[in-house]
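Quick notes on the structure that follows.
The values are calculated or read from the model by the stated rules, or taken from the named source; none is laboratory data. Please read all numbers here as calculations on a predicted model, not as lab measurements. Here the Cβ positions follow ideal geometry from the backbone for every residue, glycine too, while neighbour counts run over all protein chains shown.
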Amino acid sequence: MTITQIYKQAFNVVRKNKVLWAFGLAVLTVSGAGFGSVFNGGSNISKGLGQFDSSKLGSASARLNSQNDQLSSILPILSSFFSSIPMTVWLILGLGLLIAIVMGVIISLLLRGWAVGSLIGGTFDALDDRNEINFATVAMRGRRSFKGLAKLYFFPSLVAALVTVPFILTSIYFFISNSTVLGIIFISLTMLILMIAHLVIAIAGIWAERLVAIENMPWQQAFWQGLQMFKTNFVRTMQLGIVNCLTGCVTGCLSLAVIGSLVATLVIFGLIPIIGWALLPLITLLIIAILVLGSLVTALVLTFKYTTWSILYRELTMAGKEKMEKND
Amino acid sequence: MTKGTFWERLIARIIDDLLFSAVFLVALAFIGLTRPNLSQLTSSLLILAALMLNEPLIKIAYNSWLTSKYGGTLGKLVLGLEVLDENGKKLKKTLSIFRHTAGYLVSGTLFFLGYFWILRKDKLAWHDLMAGTVVIKKKPHRAFVTAVFVITLVTINIAALAGIILTFSSNQNLRNDVEGLVKSISSVEIDKPTKPTTLETV
């Protein structure tokens with residue numbers, strides 16, 4: 001199957017099965033993009049807008065320095081005030097915070113597992129045509145695999161984080177011992193290795209997600225088999241990944257262009273004093289419409305990408321099975 | 001069996017939210033009644049904050065447990081509504097948790113579109129469609145009971161709010177402590193060397 005054929009089929013599936021859009025929205029809400037956000041995720045408009053402006057760094061640090069003196073004078077007053085609060089109160093607050101964080105992480109992981117499981121299951125049911133697609137059937141697909149998927153999201157991330165810590169500590173050691181050049185080289189190499197590792201894990205995760213959601217495989221087995229699938233189908237995986245990435249970029253840019261032109265038109269009209277105030281309700285409506293349409297478009301792109309991966313997965317696994325049967 | 005309408009379910013939700021806000025405001029009013037100083041108030045507020053941090057969890061537990069045990073939350077019960085599964089029975093715990101977590105998550109996306117779905121003919125929200133549940137009107141003609149509940153809860157909320165304002169504004173201890181703290185912080189700012197004027201710079 002060529003990428004054009006995959007795209008055509010995915011387009012038809014997403015167009016016909018509007019229920020999947022809701023699950024795309026759910027995945028977007030819970031995880032941003034799910035596993036392999038590099039290739040899976042929707043447009044990164046919000047991330048891009050939120051990026052840090054490095055030009056402001058200088059002025060910010062100058063302001064910070066002047067505020068530091070003031071803060072250091074206030075600090076003793078505040079610390080003496082807070083030290084008057086009993087230790088048990090801090091313990092209760094800490095416990096509350098801990099419960100909220102732990103439960104929040106667990107619930108969000110489970111919800112993410114469910115949403116992704118539903119979306120993947122839904123796309124497979126839609127590809128199979130014979131299965132009925134509705135809220136109940138798609139939601140049931142997620143309920144079968146959410147625990148496995150939650151583990152798949154949690155444990156590799158935990159391992160990755162644990163592996164990263166020694167690297168960071170070593171980098172800090174280099175800087176403390178005044179070996180700045182060595183430190184920079186070490187950090188650069190570390191960053192490169194970690195980026196590649198993250199990319200490989202993310203792409204392997206795309207296959208692993210499907211192995212858990214469709215084949216009900218345990219998460220460890222799915223993870224290693226996902227890596228194996230990535231290795232054996234490297235070219236096809238990368239092809240679809242890059243095309244999906246470009247699709248996301250193009251959609252993001254188009255959305256930004258549409259939003260930008262609308263905002264620019266309104267600003268131009270808003271500059272005329274009499275029209276300016278009259279435009280206020282229109283601007284409010286426009287902001288709401290942009291938010292709704294933006295979320296919908298992002299969810300649609302996400303659903304579309306999940307479907308393209310599901311189509312390729314089906315093709316690859318079917319080809320693999322046929323090969324095995326021939327060998328037998 | 002008639003199904004619960006969008007407006008009935010919305011009122012039920014408002015009653016639940018009023019109940020939660022009443023609990024929070026009454027707790028605050030009680031704190032105010034003890035005439036705390038700044039340190040005591042901060043301690044009480046920190047404990048309250050520890051609870052508030054877990055509010056989503058408490059809400060999930062409240063919704064799931066009451067729905068599986070009694071067929072609905074307080075709001076729904078007041079309006080005579082009951083949540084049933086596809087076999088016409090009360091929800092099992094797992095299904096109830098699913099409905100109130102994953103179901104609400106999907107319904108809440110895209111500006112609560114899944115909730116507005118109840119306005120359609122089948123009167124089913126997205127979380128109903130997903131969990132295979134239906135909200136029926138078990139006891140009709142509950143307008144009077146509903147009105148009494150809503151008025152009572154609104155009154156409690158307003159009274160608690162008024163109590164908070166009154167007790168805190170008349171608490172001289174607290175006022176002295178706050179003024180003392182503000183004064184000591186502002187004195188630090190006064191001690192700070194002032195910015196040189198243009199003339200001095202020249």
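Condition check: within 12 Å of chain B (Cβ to nearest Cβ) and at pLDDT 80 or above. Does A:L71 satisfy that? In short, no.
Conditions (1) assigned to a helix (DSSP H, G or I); (2) within 14 Å of chain B (Cβ to nearest Cβ); (3) within 25 Å of A:N12 (Cβ to Cβ), marked per residue:
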{"residue": "A:F223", "(1), (2), (3)": "yes, no, no"}
{"residue": "A:N244", "(1), (2), (3)": "yes, no, yes"}
{"residue": "A:S261", "(1), (2), (3)": "yes, no, no"}
{"residue": "A:I288", "(1), (2), (3)": "yes, yes, no"}
{"residue": "A:L293", "(1), (2), (3)": "yes, yes, yes"}
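For region A:54-68, the criterion of a residue being in contact with a helix residue (DSSP H, G or I) (Cβ under 7 Å, 6 or more places away or on another chain) and either modelled with pLDDT under 90 or of a type in the set (A, V, I, L, M, F, W, C) (or both) is satisfied by no position.
Here's the yes/no breakdown for (1) surrounded by fewer than 20 Cβ atoms within 10 Å (Cβ to Cβ); (2) among the aliphatic types (A, V, I, L, M); (3) in a helix (DSSP H, G or I):
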| site | (1), (2), (3) |
| --- | --- |
| A:T170 | yes, no, yes |
| A:F174 | yes, no, yes |
| A:I185 | yes, yes, yes |
| A:S188 | yes, no, yes |
| A:M191 | yes, yes, yes |
| A:H198 | yes, no, yes |
| A:R210 | no, no, yes |
| A:A213 | no, yes, yes |
| A:M229 | no, yes, yes |
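Taken over region A:102-117, the criterion of being more than 8 Å from every other protein chain (Cβ to nearest Cβ), touching a Phe, Trp or Tyr at 6+ places or on another chain (Cβ under 8 Å) and touching a residue at least 60 places away in the same chain (Cβ under 8 Å) is satisfied by A:R112, A:V116, A:G117. Of note, B:A22 satisfies the criterion of being buried (at least 17 other Cβ atoms within 10 Å of the Cβ) and in a helix (DSSP H, G or I).
Meeting the requirement of 2 or more residues that are without any contact (Cβ under 8 Å) to a residue 12 or more places away in the chain and among the polar types (S, T, N, Q), the helices (runs of 4 or more DSSP H) wholly within region B:34-115 are B:38-53. Keeping to region B:112-130, report how many residues are crowded, with 17+ Cβ neighbours inside 10 Å, more than 12 Å from chain A (Cβ to nearest Cβ) and in contact with a helix residue (DSSP H, G or I) (Cβ under 6 Å, 6 or more places away or on another chain). The qualifying residues number 2. The sole residue among A:R236, A:R314 that is among the basic types (K, R), at pLDDT 80 or above, more than 27 Å from A:A197 (Cβ to Cβ) and part of a helix (DSSP H, G or I) is A:R314. With respect to being over 22 Å from B:E55 (Cβ atoms), away from chain B (no Cβ under 12 Å) and not β-branched (V, I, T), A:G121 fits the description.
For region B:100-111, check the following and say yes or no: at least one residue is of a type in the set (F, W, Y), within 14 Å of chain A (Cβ to nearest Cβ) and more than 19 Å from the chain's Cα centre (by Cα). No, because not a single residue in region B:100-111 is of a type in the set (F, W, Y), within 14 Å of chain A (Cβ to nearest Cβ) and more than 19 Å from the chain's Cα centre (by Cα). When B:A160 is tested against (1) more than 12 Å from every other protein chain (Cβ to nearest Cβ); (2) surrounded by fewer than 20 Cβ atoms within 10 Å (Cβ to Cβ), just one condition goes unmet, and that condition is (2).
Each residue in region A:112-130 was checked for being more than 24 Å from the chain's Cα centre (by Cα) and closer than 15 Å to A:L149 by Cα, and 0 of them qualify.
If you go through region A:86-101 and keep only what is aliphatic (A, V, I, L, M) and within 10 Å of chain B (Cβ to nearest Cβ), you end up with A:V89, A:L91, A:I92, A:L93, A:L95, A:L97, A:L98, A:I99, A:A100, A:I101. Take the residues in region B:30-68 that are modelled with pLDDT of 95 or more and away from chain A (no Cβ under 14 Å); name whichever of them is surrounded by the fewest Cβ atoms within 10 Å (Cβ to Cβ). Among those that are modelled with pLDDT of 95 or more and away from chain A (no Cβ under 14 Å), it is B:W65.
Using the structure shown, decide if B:K3 is of a type in the set (K, R), away from every other protein chain (no Cβ under 14 Å) and surrounded by fewer than 17 Cβ atoms within 10 Å (Cβ to Cβ). Full working, then the answer.
Values: of a type in the set (K, R): yes; away from every other protein chain (no Cβ under 14 Å): yes; surrounded by fewer than 17 Cβ atoms within 10 Å (Cβ to Cβ): no.
The answer is no for B:K3.
Every test in (1) surrounded by fewer than 18 Cβ atoms within 10 Å (Cβ to Cβ); (2) in a helix (DSSP H, G or I) is passed by B:K139 save one, and that test is (2).
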